[in-house]
Amino acid sequence: MFLLLKKVPYLPSSKEQTVNVMKHLSGRSGRLADLGSGDGRLVFAASSAGFQCTGFEINSILVAYARAKAQWTGLPSSQANFVKTDFWKTDLSSYNNVTAFLAPGAMDVLGDKLLKELPDGAFLVSCRFPVPHWTPQSSIGSGLDQTWAYDISAVRASLKKSTEST
Ligand SMILES: C[S@@+](CC[C@H](N)C(=O)[O-])C[C@H]1O[C@@H](n2cnc3c(N)ncnc32)[C@H](O)[C@@H]1O
């Protein structure tokens, strides 16, 4: 059951969704992990905004495509790196920005993982599916292109407060 919830199909971000993600990331910098990077489109958008990006992807064809595109466009791996890895098995503690376009059933489990691993001050942008029980800092768009941004320190504080008051 747990494995089934974490299953995520390939579906590329729309242009509008990508623009929304980049609006959330405006003013931020540093290391960014895209969880399930597909053909690399979110990584390419974020790397052109100055982030040092890693795309984690389990589909080897998509990883090969994204690596080839990075090479054609002359992007150094320090700016856009693609690794064929299961992000559920990866420690994300060195990232201060995370983007995720996954599946509804994966979001609760993802929230628990990120609360355990991400440093204070880190930031999550989730596409199409929000993290249940987390209060977003902001949301952009609607329908299939809606995106949510979460400040991990604020989420930790609000979850702590709601636990203390129950
Ligand atoms: C909905 S697509 C999003 C692709 C891309 N981020 C985008 O926005 O266009 C989700 C991607 O996650 C990948 N994926 C699913 N489970 C994964 C896992 N455990 N580790 C790494 N990648 C995974 C899928 O292969 C798919 O490419």
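The values are calculated or read from the model by the stated rules, or taken from the named source; none is laboratory data. All of these numbers come straight from a predicted model, not from anything done at the bench. Methodologically, a virtual Cβ is constructed for each residue, glycine included, from the backbone with ideal geometry; neighbour enumeration extends over all protein chains shown. Heads up: the accessible areas ignore ligands, DNA and RNA and are worked out on the full protein's heavy atoms, side chains in. Shrake-Rupley method; radii C 1.70, N 1.55, O 1.52, S 1.80 Å.
Things to note:
- Only one entry in Asp86, Asp34 is surrounded by 15 or more Cβ atoms within 10 Å (Cβ to Cβ), within 8 Å of the ligand (Cβ to nearest atom), at pLDDT 95 or above and acidic (Asp, Glu), namely Asp34.
- Residues of the range 45-63 that are surrounded by fewer than 22 Cβ atoms within 10 Å (Cβ to Cβ) and part of a helix (DSSP H, G or I): Ala45, Ser48, Ser60, Ile61, Leu62, Val63.
- Residue count for the range 47-61, restricted to those that are more than 6 Å from the ligand (Cβ to nearest atom) and either hydroxyl-bearing (Ser, Thr, Tyr) or more than 11 Å from the chain's Cα centre (by Cα) (or both): 9.
- Failed condition for Ala64, given (1) touching a residue at least 24 places away in the same chain (Cβ under 8 Å); (2) more than 12 Å from the ligand (Cβ to nearest atom); (3) over 22 Å from Ile140 (Cα atoms); (4) over 12 Å from the mean Cα position of the chain (by Cα): (1)
- Consider the range 1-27 and keep the residues that are modelled with pLDDT under 90 and either more than 11 Å from the ligand (Cβ to nearest atom) or touching a Lys or Arg at 6+ places or on another chain (Cβ under 9 Å) (or both). The one that is least open to solvent (accessible area, probe 1.4 Å) is Leu5.
- Scoring Phe44 on the criteria (1) away from the ligand (no atom under 12 Å from the Cβ); (2) in contact with a helix residue (DSSP H, G or I) (Cβ under 9 Å, 6 or more places away or on another chain) leaves a single failure, condition (1).
- Residues that are hydrophobic (A, V, I, L, M, F, W, C), free of Cβ contacts under 8 Å to residues at least 24 places away in the same chain and open to solvent by 40 Å² or more (accessible area, probe 1.4 Å) do occur in the range 69-80, at least one of them.
- Complete set of residues in the range 114-141 that are more than 12 Å from the chain's Cα centre (by Cα), in contact (Cβ under 8 Å) with a residue 60 or more places away in the chain and at positive phi: Gly141
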